[in-house]
Amino acid sequence: MVVRRSPGRRAQILAVAADRFHRSGYHQVSMTELAAGVGITAPALYRHFRGKPELLDRAVRLGLDALADGLRAAGTTAGLGAALAAVAVGHRPLGTLVQRDARLLPPARRAALRRELRTDVALMTAVLRAERPELVGADAELLCWAALSACSGLSYQSAAPQPRRAEALLRETVAAVLAVSLDGTAAGPEAVPGPEPRPGARREELLAAAVRLFHQRGFDNVSTDQLGAAVGISGPSVYRHFDSKAHLLAASLVRSRERLRHEVEGAIAAATGPEEALAAGLGAYVDFALRNGDYLGAMLSETERLAPPDRRAAVDFRRDFLRTWVELLRQVRPAFDAVDARIRVHALFALVNDGVRNRPHSARPDLGDCLLRLGRAVLGLS
């Protein structure tokens with residue numbers, strides 16, 4: 001007897017998998033849950049895909065193929081904006097899957113993914129330089145990466161905005177980013193990490209090492225022996241300071257976001273008037289990002305590994321932080337409603353968070369000035 005499979009079943013499974021991975025995190029989703037979401041049994045799901053790693057790989061590839069197809073058909077910067085916006089809306093989980101979950105793919109697949117993205121950006125750069133021949137290659141490439149990141153910010157919105165409206169605003173955002181002038185950017189002071197823990201403050205040393213290692217290697221790939229070695233103690237000695245590796249992860253993210261709140265909200269509170277406050281907040285956020293790229297990376301990739309109470313606290317912080325920026329932007333630009341402002345603020349955070357971690361551009365001495373100009377562009381301030 002021949003078993004006939006629904007011709008759209010694989011696509012349905014991929015759509016459900018992408019959405020569940022995006023909302024809950026790869027590690028939190030089981031094959032049984034995915035099968036139930038499609039309305040089939042787990043054994044039936046395995047007849048289509050060998051397991052979660054293949055599902056993640058195919059879900060990422062589906063979005064990247066759509067991106068490559070759209071960019072290849074774009075011969076102008078307006079066409080680039082339309083392609084980026086269409087993929088951001090039509091494949092909304094893609095940004096989260098690439099930035100957070102793709103690191104769980106096998107090394108060969110991760111390398112292939114990076115090559116595909118570099119190829120996409122090279123195509124965008126060629127189109128941009130055809131319209132702006134005054135741009136040097138490195139500047140044009142930075143603008144293209146920034147446009148890609150800004151559109152990926154839509155992936156981090158808890159609720160999807162109306163598609164046509166989101167696409168229109170993202171096209172506008174891409175146009176603003178690709179039009180930014182990087183002439184005369186100034187090198188800022190050398191970015192250095194935050195203050196070193198006091199000698200003997202082992203707990204503080206562990207918190208700093210944990211953020212770095214969890215970002216660079218991923219929570220599951222860091223052992224207590226490695227954490228201990230990073231601060232000159234044995235692995236078992238880590239448990240004198242933290243009950244578990246999960247507790248250490250939670251504490252390290254709490255300490256980092258306390259610093260973020262103190263620096264950014266302090267700068268906003270010290271300003272006089274909304275425009276000055278928004279400019280001060282942007283400057284403080286960029287400055288914090290330049291010094292704390294490991295925290296921003298760990299926040300994006302490891303929050304889903306937290307225990308439920310700690311995860312809720314992290315999500316509550318991000319929601320409150322976002323609300324502060326949305327309300328401030330709307331005071332400065334009353335024509336923006338809440339939907340417009342949220343899309344722009346998410347674009348800002350994605351652009352800056354990626355910018356400080358995207359080599360080789362992250363090594364630019366003028367990166368801070370570049371990010372300030374790009375941030376103003378996505379917020380509609382220039």
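The values are calculated or read from the model by the stated rules, or taken from the named source; none is laboratory data. Everything numeric here is computed off the predicted structure, so don't read it as measured data. Neighbour counts run over all protein chains shown; Cβ positions are idealised from the backbone, glycine included. Accessible surface areas use protein heavy atoms only, side chains included; no ligands, DNA or RNA. Shrake-Rupley method; radii C 1.70, N 1.55, O 1.52, S 1.80 Å.
What to note about this one:
- Residues of segment 62-89 that turn out to be under 18 Å from the mean Cα position of the chain (by Cα) and open to solvent by 40 Å² or more (accessible area, probe 1.4 Å), as a count: 0
- ARG92 being outside any helix (DSSP H, G or I), closer than 18 Å to ALA350 by Cα and basic (Lys, Arg): yes
- The helices (runs of 4 or more DSSP H) located wholly in segment 1-50 that include 3 or more residues which are closer than 17 Å to SER155 by Cβ, aliphatic (A, V, I, L, M) and at pLDDT 90 or above occupy 9-24.
- Checklist (1) β-branched (Val, Ile, Thr); (2) more than 25 Å from ARG311 (Cα to Cα); (3) open to solvent by 70 Å² or more (accessible area, probe 1.4 Å) applied to VAL38, failing item: (3)
- The set of residues in segment 362-380 that are over 16 Å from the mean Cα position of the chain (by Cα) and open to solvent by 10 Å² or more (accessible area, probe 1.4 Å) comprises ALA363, ARG364, PRO365, ASP366, GLY368, ASP369, LEU372, ARG373, ARG376, GLY380.
- Taking the numbered list (1) farther than 30 Å from LEU381 by Cα; (2) open to solvent by less than 30 Å² (accessible area, probe 1.4 Å); (3) out of contact with any Ser or Thr (no Cβ under 9 Å at 6 or more places or on another chain) in turn, ILE233 passes all entries but (2).
- When residues of segment 116-133 are limited to those that are without any contact (Cβ under 8 Å) to a residue 24 or more places away in the chain and part of a helix (DSSP H, G or I), the one farthest from THR77 (Cα to Cα): ARG118
- Some residue of segment 134-155 being aromatic (Phe, Trp, Tyr) and under 23 Å from HIS27 (Cα atoms): no
- Checklist (1) within 23 Å of PHE317 (Cα to Cα); (2) surrounded by fewer than 19 Cβ atoms within 10 Å (Cβ to Cβ); (3) of a type in the set (A, V, I, L, M, F, W, C) applied to ILE268, failing item: (2)
- Residue within segment 313-333 that is of a type in the set (D, E, K, R), open to solvent by 30 Å² or more (accessible area, probe 1.4 Å), within 12 Å of GLY153 (Cβ to Cβ) and modelled with pLDDT of 95 or more present: no
- Residue pairs meeting the criteria (Cβ under 8 Å; at least 6 apart or on separate chains; first closer than 19 Å to LEU260 by Cα and of a type in the set (D, E, K, R), in segment 331-358; second in a helix (DSSP H, G or I) and open to solvent by 40 Å² or more (accessible area, probe 1.4 Å)): ASP354/GLN99; ASP354/TRP145
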